[in-house]
Amino acid sequence: MRQRNNRVSVYLNDAELEKLCALLNRAGLTQQSYMRHLISGVVPTDKPPVDYYAMTRELHAIGNNLNQIAHQANATGMVDVSGYWRNVTKLDEAIAGIMTAVELPRKAQ
């Protein structure tokens, strides 16, 4: 059963429809989803760039490396300091790259 029972129709001129289609394509959302975002006060941002998923895989790998260092430190009482700082530096660089490439959704003003 549908959770949303109310239908809304809107008439747009050619320029408005073209702009809406461009916004939908950039955000990777359907018309319904886009409007629901706007109604809830969130302005949808562009969908992530293609390399976004590669960047997240890199973050997972770095996190895994840091986790292995933590397990080794816990088991032996010794820390691979150079390995730790190398991974922390990689993590900082990856986070900076992601923040530059992908802007988080922002509240409408």
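The values are calculated or read from the model by the stated rules, or taken from the named source; none is laboratory data. Treat the numbers as computed from the prediction; the structure is a model and nothing was measured. When we count neighbours, we look across all protein chains shown, and the Cβ atoms used for this are built from the backbone with ideal geometry, even at glycine.
If we scan the stretch 67-81, do we find a residue that is modelled with pLDDT of 85 or more, of a type in the set (A, V, I, L, M, F, W, C) and touching a Gly at 6+ places or on another chain (Cβ under 9 Å)? Within the stretch 67-81, one or more residues are modelled with pLDDT of 85 or more, of a type in the set (A, V, I, L, M, F, W, C) and touching a Gly at 6+ places or on another chain (Cβ under 9 Å). For the stretch 45-64, the condition holds for no residue, the condition being that it is more than 25 Å from residue 99 (Cα to Cα), at pLDDT below 95 and of a type outside the set (A, V, I, L, M). Applying the set (1) modelled with pLDDT under 85; (2) more than 30 Å from residue 40 (Cα to Cα); (3) of a type in the set (Asp, Glu) to residue 103 leaves exactly one unmet item: (2). Please list, ordered by first then second residue, the pairs with beta carbon atoms under 6 Å, 6 or more apart or interchain, first in the stretch 1-29 and small (Gly, Ala, Ser), second modelled with pLDDT of 95 or more. Every condition considered, no pair remains.
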